[in-house]
Amino acid sequence: MKKILIPIAVVAVAAAYLLGNYGTPMAAGEAQVGNPAPDFTLMDTNGNNVALSDYSGKYIVLEWINYDCPFVAKHYNAKNMQSLQDKYREQGVVWLAINSSAEGKQGQFSNDEIHTRLKKHASTVDAYLLDGNGEVGRKYGATHTPHMYIINPEGTLVYMGAIDSINSANVADIPKADNYVVMAFDAIFAGNDVPVGMTRAYGCTVKY
Amino acid sequence: MPALRGIRFDPAGRNFCKEVTVKWQRDTPPKDIDPIMKIMKPILKSILLLITMCAFGLATRSVQGQAVRTDYMETELVVETTSIKPGQPFWAGLRMKMDEHWHTYWRNPADSGLPTEIDWALPDGFQAGEINWPYPQKIVLDILASYGYEGETLLLVEITPPADLETGGTADIGAFASWLVCADICLPGESGYQVTLPVTDEAPQADERWTDLFTRTREQLAVPVPGWQVEAVISDSTVALHASTPEWYRGSLTRVEFYPYNEDLIDYVSPQRLEKTETGYLLTMRRSGFYTGRPDEITGVLVSAEGWRGAGSERALAVAAVYADELPAAVAAIGPAVAGETAGALAPVSGDLVAGLWQALLFALIGGLILNLMPCVLPVLSIKVLGFIHQAGDDPAKARRHGLVFTAGVLISFLALAAVLIALRAGGEQLGWGFQLQSPAFLVILSVIIFVFGLSLFGVFEIGTSLVGLGGRADSGSGLGGSFMSGVLATVVATPCTAPFMGVALGYALTQSAAQSLAIFGFLGLGMALPYLTLSSVPALLKYVPKPGAWMESFKQFMGFLMMATVVWLLWVLNLQTDPNLVALVMVLLVMVSLGSWILGRWGGISAGSRTRIAARSVATVIVFASLAAVLSQVPAPAKAERAAMTPVNSAGLEWQPFSRQLVQDLRATGKPVFVDFTAAWCLSCQVNKRVALNDSRVVERFETLGVATVQADWTSRDPEITRALAEFGRNSVPLYVLYSGGPDSEPAILPELLTPGLVLDALKQAETGSAASGRTVGMID
């Protein structure tokens, strides 16, 4: 038997080697509405490690961001994103912006540049997190910018998808659209279930 | 679900300006009533122009009848005719020409993007219709797909002037367009345009500059084709369309893609599966997880390069499919498989599906059998046969056991490779069969294994007894591991030799569910192991093979040369993937390996004293593995090769241009025939085809006389674009030879996987007659 086991081990090692060599497969994302939101730890723009579990017991919004994406620019130029950030952070919601642009791709900036942009847009977030290797983005199945996620105090993902109902980069469409983040929080604060848990995100592709 | 809106990055004042224009135009009294107006007209016209320009926003550009260059593209307002006749509708359009790798979007942009919008600024009484969209192409970016246009396109709009339009003057056709143009990043763009045309009573003449473009674009518009009846079947996980073939239809469809108008209905990136039914074709798509409702009808465009009225006819069929209350009998056979997924249980498949699977399994079995004849597999397996000959006199039970273990070795390694491939593909990797040879480290290890095997065949040292089960040792347990290992080795060296039949079977395999894929790969392995399995379980057959004798030793040693040749070939592949320095290093490694083998053979044999033997084995092991480790540490990770830099796969004969989708499209647009060779250095049949057929002097001469553009898609290293292009032809392996004739019906002809000069010449002849008959090209490939 031993003599058979060795070749089997060789095949297994070879297979593992191939898998390892070709990198982690790009999964569709393990994050699912109704399931626990996957934990992660990322560096923020001040060099601190921030873990999702640091904020357990609170509502958390994850916002996938890329300032140079016309769809993100739409929501920042209209101050729409900032007003959501201010509104919900005042109510104790934690707001984390996450950038998954790979090194050299659009939307990847130095910490100084990010601080400048945050200031320019008068945007206040609890942390702007750097996910340059895309690990967290892939784990969450983040495909677009903006791509929004809401996690409840029990750590369950209750919303993932678009920011609102109109796929456009036109500022004029913002007031006409149904904002899914607002709809979700309205329901949550009224003690109801989130009406639409999952929508197809719109925007630019995440620059993995 | 979200409604689609266009982007308007216009300065805030533009809409205001336009309203003023409209108001002013409406307030203008009818011109022929007031004689003063005739004097005023030129002045008024200038004012009108100014205001119209205001309407377009002076901050942008309003250009009179010429192309506007904006980021990564050129746009232009074009009108089909050179004049306007009152009351007679005419066609205008926005011509968009994107730079290479950039695209704009169709009416449903799919996963990402925005449709182009056109706002018209027309004189009073003019009516502009909706945009008529040519069918798009599917542009896959990583895990998302978009529907859009690369290269040049024209968005057609019909404009109707009022019947009471005054003749003798001119009319200003103005438009303002906005769009999103994307490669891997996106930029919004916009521009204003104006074309001034005379208004006359004469029949309008075509503007020759645009005749071709308009004609070409019309061929790409979705049209209803009476006779084709499309019905929809929808389940929780799938959306399927069944198109019933009209009686008169004589063609055959092999590739069909559905582009839905309904947003969010299907999962755009998943491949769509086409099956032939008794009465037509069934196209099955994965349903999007975002669509919870059920649309009243499923609308969109079914695109087939084969044409819905036969070869060369309309490619885009307009579809408004209602649900089939009762499935047609032919669909019912497949329907349960589609609907059955709802139940979450294994679908009770029947009819065509099963037929397809059995056919694929049969092809896989035959393909596996043929693999035995491939030069890289022959040595391993012929040695295996020698083992059987040798064992002929022995215990038949033992022979059977060896046969089974060898089969298990082949099967397990085939399944392991397939499982790795399926897992990686499920993860979104663009890989295909033979992918392991795209890894330089794998090549190094494989060269060493084959080299060592060759040395042992030469008799430098004896591992032959255990590795290939040559010996007839009485103790039944020994050599089983060797039999298993020879099965593994046979599989590993066989993978690049894609035999005929295998391309089809593997292409089919990878589009199926994981279980079906594994079954197909399993049968491939079974086919390869079948001769030995048969020989070992029916020992009586062995009396038909030659008697054992001294010739076996000579044969074995001769086979060693085939192994050495295989090593040379692997090093050549490695050289193409990496650089000559690494190859030199690997050759040093081989010298070290032969040193180790020599030590092992000289002092490590059973005849040596036990202390000498242990010392020799230790030294040999250390030498071999230390040098292997040292070399492997120098091997770069598999990276996408810089294709432009490497075209040595075909160094002699024809001039090959490195493949890109854009290049093929551009070349086809020139009207010349285009030949695309999907190849890889590690694909042996590709090399044989090149030597025998493609570099044949008659073939080369014919290619040159006909001015065939030759494009080479080199898949030696990983390349997602080529993997996708292969997938479009339902393939997952090389070789693949595609010939586009120059004609408008440019049906790509797919040549067999084993070429002869005659075959290529015949295909060229057909392409030639095809293009002579029609002589114009269709610019768009889907």
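Any idea how many residues of the range B:266-290 are within 14 Å of chain A (Cβ to nearest Cβ) and touching a strand residue (DSSP E or B) at 6+ places or on another chain (Cβ under 6 Å)?
The qualifying residues number 7.
State all residues of the range B:123-133 that are surrounded by fewer than 22 Cβ atoms within 10 Å (Cβ to Cβ) and in contact with a Lys or Arg (Cβ under 9 Å, 6 or more places away or on another chain); if no residue qualifies, say none.
B:124, B:131, B:132
Right, residue B:248: farther than 28 Å from residue A:169 by Cβ and assigned to a loop (DSSP other than H, G, I, E, B) or not?
Working: farther than 28 Å from residue A:169 by Cβ: yes; assigned to a loop (DSSP other than H, G, I, E, B): yes.
So residue B:248 fits the description; yes.
Suppose we keep only residues that are within 31 Å of the chain's Cα centre (by Cα) and among the aromatic types (Phe, Trp, Tyr) within the range B:197-247. Which one would you say is farthest from residue B:166 (Cα to Cα)?
B:228
Determine the pairs where a residue that is more than 19 Å from residue B:601 (Cβ to Cβ), located within the range B:619-633, has a partner that is in a helix (DSSP H, G or I) and hydrophobic (A, V, I, L, M, F, W, C) with Cβ atoms under 7 Å apart, the partner being 6 or more residues away or on another chain.
Every condition considered, the pairs that remain are B:631/B:444; B:631/B:585; B:631/B:586; B:631/B:589; B:632/B:441; B:632/B:444.
Which is touching a helix residue (DSSP H, G or I) at 6+ places or on another chain (Cβ under 7 Å) and in contact (Cβ under 8 Å) with a residue 12 or more places away in the chain, of B:727, B:669, B:681?
So the residue among B:727, B:669, B:681 that is touching a helix residue (DSSP H, G or I) at 6+ places or on another chain (Cβ under 7 Å) and in contact (Cβ under 8 Å) with a residue 12 or more places away in the chain is B:681.
Checking the condition hydrophobic (A, V, I, L, M, F, W, C) and either surrounded by fewer than 16 Cβ atoms within 10 Å (Cβ to Cβ) or assigned to a strand (DSSP E or B) (or both), which residue from B:195, B:225 passes? Steps first, answer last, please.
Numbers: B:225 fails: either surrounded by fewer than 16 Cβ atoms within 10 Å (Cβ to Cβ) or assigned to a strand (DSSP E or B) (or both).
None of the others qualify; the one that does is B:195.
For the range B:285-317, name all the residues that are buried (at least 22 other Cβ atoms within 10 Å of the Cβ) and either in contact with a helix residue (DSSP H, G or I) (Cβ under 8 Å, 6 or more places away or on another chain) or without any contact (Cβ under 8 Å) to a residue 12 or more places away in the chain (or both).
B:315
Which of the residues spanning the range A:44-79 are in a loop (DSSP other than H, G, I, E, B) and of a type in the set (Val, Ile, Thr)?
A:45, A:65
Just checking, does the range B:272-287 include any residue being among the small types (Gly, Ala, Ser) and in a loop (DSSP other than H, G, I, E, B)?
No, the range B:272-287 contains no residue that is among the small types (Gly, Ala, Ser) and in a loop (DSSP other than H, G, I, E, B).
Determine if the range B:172-180 includes at least one residue that is over 21 Å from residue B:66 (Cβ atoms) and within 14 Å of chain A (Cβ to nearest Cβ). Working first, answer last.
Taking the range B:172-180 first, the residues over 21 Å from residue B:66 (Cβ atoms) are B:180.
Now restrict to residues that are within 14 Å of chain A (Cβ to nearest Cβ): B:180.
Yes, some residue in the range B:172-180 is over 21 Å from residue B:66 (Cβ atoms) and within 14 Å of chain A (Cβ to nearest Cβ).
With B:111, B:119, B:142, B:99 as the choices, which residue is within 14 Å of chain A (Cβ to nearest Cβ), surrounded by fewer than 19 Cβ atoms within 10 Å (Cβ to Cβ) and modelled with pLDDT under 95?
None of the others qualify; the one that does is B:142.
Let me confirm something: among B:635, B:631, B:649, which residue is over 17 Å from residue B:709 (Cβ atoms), at pLDDT below 85 and outside the structural domain of residue B:716 (by TED's automatic domain parsing)?
Going through B:635, B:631, B:649 in turn, just one is over 17 Å from residue B:709 (Cβ atoms), at pLDDT below 85 and outside the structural domain of residue B:716 (by TED's automatic domain parsing): B:635.
Anything in the range B:165-192 that is in contact with a helix residue (DSSP H, G or I) (Cβ under 7 Å, 6 or more places away or on another chain) and loosely packed, with under 14 Cβ neighbours inside 10 Å? List them, or say none.
If the condition is that a residue be in contact with a helix residue (DSSP H, G or I) (Cβ under 7 Å, 6 or more places away or on another chain) and loosely packed, with under 14 Cβ neighbours inside 10 Å, then no residue fits.
What is the number of the single condition among (1) at pLDDT below 85; (2) crowded, with 20+ Cβ neighbours inside 10 Å that residue B:459 does not meet?
Evaluating residue B:459 over (1) at pLDDT below 85; (2) crowded, with 20+ Cβ neighbours inside 10 Å leaves (2) as the failure.
Select from the range A:126-178 the residues that are of a type in the set (Asp, Glu) and within 16 Å of residue A:200 (Cβ to Cβ) and write down the one among them that is surrounded by the fewest Cβ atoms within 10 Å (Cβ to Cβ). Even if it seems obvious, please write down each step before you answer.
First, pick out the residues of the range A:126-178 that are of a type in the set (Asp, Glu): A:126, A:131, A:135, A:154, A:164, A:173, A:178.
When the remaining residues are screened for being within 16 Å of residue A:200 (Cβ to Cβ), the result is A:164, A:178.
Numbers: A:164: 25, A:178: 14.
By that ranking, first place goes to A:178.
Are there helices (runs of 4 or more DSSP H) fully within the range B:667-766 with at least 2 residues that are in contact with a Lys or Arg (Cβ under 8 Å, 6 or more places away or on another chain)? List them.
Ranges flagged: B:720-728.
The values are calculated or read from the model by the stated rules, or taken from the named source; none is laboratory data. Quick caveat: nothing in here was measured; it's all calculated off a predicted structure. Counting neighbours? That spans all protein chains shown, and the Cβs are built from the backbone with ideal geometry, glycine included.
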